[in-house]
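J.: Please read through the structure below; I'll follow up with questions.
Throughout, read-outs are computed from the coordinates displayed, never taken from laboratory work. On a predicted model such as this, the values are computed, not experimentally measured, just so you know. Cβ placement follows ideal geometry from the backbone for every residue including glycine, while neighbour counts extend to all protein chains displayed.
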Amino acid sequence: MKKVLVTLTALVAVVLSAKAGVDFAYDAGAEIVSAYIWRGQYNGGMSFQPDVEIGFDAADEKIQFRIGAWGSVGASDWKFRKGLPNPDADGYNPNTYFVPEVDLEASLQLWGLTLGATHYYYFGGTPFFSGLEDDGGSQTEVQIGYNFGTLTKAGLYFNWYTMVAGDDDKNKYLREDDPTLPYERAWSSYIEIGYDHTFESIDLTIGAVVGMTPWKSFYTDYEGGFAVNNIALRIGKTWNINDVCDIELFGLGSINTYGINKDNCFVSEAGDYKLGGVQKLNGTIGLGFWF
C-alpha cells in the first residue's frame, strides 16, 4: 500500500504540474445502514460508516486525486474476538465475528479512467500492513476502472479490483486438512459493471450493478471458478440543506447467484451463519449525510 500511494502521488505531481487552475477538494460524511452489504456479501448488521477524502481537482474536474479513509463500526463490533464464550449459546457466541474496519484509499481519475488502491484493516489484533504472502487480517487491493459518463451522458461504468497483499490464501481452508500446503496467493478479483441514472428534477438516483469474480477467490471461499456473486439495485433520494450538506435516504437489494438454493436464500440465524457469501439474498436501508 505504501508503494502504491507513492506511485499515485508521483503520477499526480506529473499531471498537475502541467495544469493550471488546480483546486483543493474534499468530501466528508457518514452513513448509517441497517446491514453492511459489500459486493453481494453480508459483512455485518446495523453499522455507522464515516468517510472522509481530500485531494485536488484540475481541468474542470476531469482530473481528480483523492486520498482518504472509510470506516465501519457495527452494533456487534465492540467484542474483538470471534467466538467469545457465552453460556446462553452453548459456549459459543456467533455474534462476535464482525469487528470494526478502517480502509485507507487513494485514487487518481484522468478523464474517466480511474487508478486506485485500498487497504482494508480489521481490528482483530493483526498487523496493520500484512506482507505480500501473509494471511493476517488485513488486505490490499488495486483498482482500474472507467466511467463512460465523462465522455457521454450515459452513467455506465466498469471497475476491476484485485487483491495484491494480505489475507488472500488460495489454500486457507485446504490447509485445515493438510497443514503442509504452502501459501498460494489467489489474486482474488472482482469485476463490476454498473449503470446510474439520476432524475435531476426530483434528485432521485437509481443504480444497477452486476459483479462477478473471474476465477477461484475468497468471493467463493476459494472454490469453483467464474461466478456472478452480486446483482444489485440501489435507489436513493437526496435533499440539499441550504447548500451546507446533502442528506440521502437509500435502499439496496442484492442477489449472490453463486451456489444459490432454496435453503440459503434467507438465513435466519445471526453471526457466522450469515457470513460472507452464505446468505444469498441481502438488503439494507440507509441514511447518509454529506458535507
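J.: Sort 100-107, 112-119 by the packing proxy (mean of other Cβ within 10 Å over each peptide's residues), most packed first.
T.: 100-107, 112-119
J.: Using a 10 Å cut-off on Cβ atoms, rank the peptides 42-49, 68-75 from the highest mean neighbour count down.
T.: 42-49, 68-75
J.: Another one. For residue 158, what is the net charge nearby, where nearby means another residue's Cβ is under 14 Å from its Cβ and Lys, Arg count +1, Asp, Glu -1? Numbers along the way, then the final one.
T.: Values: positive: none; negative: 192, 196.
Once positives and negatives cancel, what remains is -2.
J.: Okay, moving on. When Lys and Arg each count +1 and Asp and Glu each count -1, what net charge do the other residues less than 15 Å away from residue 211, Cβ to Cβ, add up to?
T.: 0
J.: HN-Hα J couplings of region 247-253 from phi, Karplus 6.51/-1.76/1.60, θ = phi - 60°, integer Hz, Gly and Pro as x?
T.: Karplus-based 3J(HN,Hα) across region 247-253 equals 10, 10, 10, 9, x, 9, x Hz.
J.: Show me 28-35, 192-199 ranked by packing, highest mean number of other Cβ atoms within 10 Å first.
T.: Values: 28-35: 16.8, 192-199: 14.9.
Descending packing order for the listed peptides: 28-35, 192-199.
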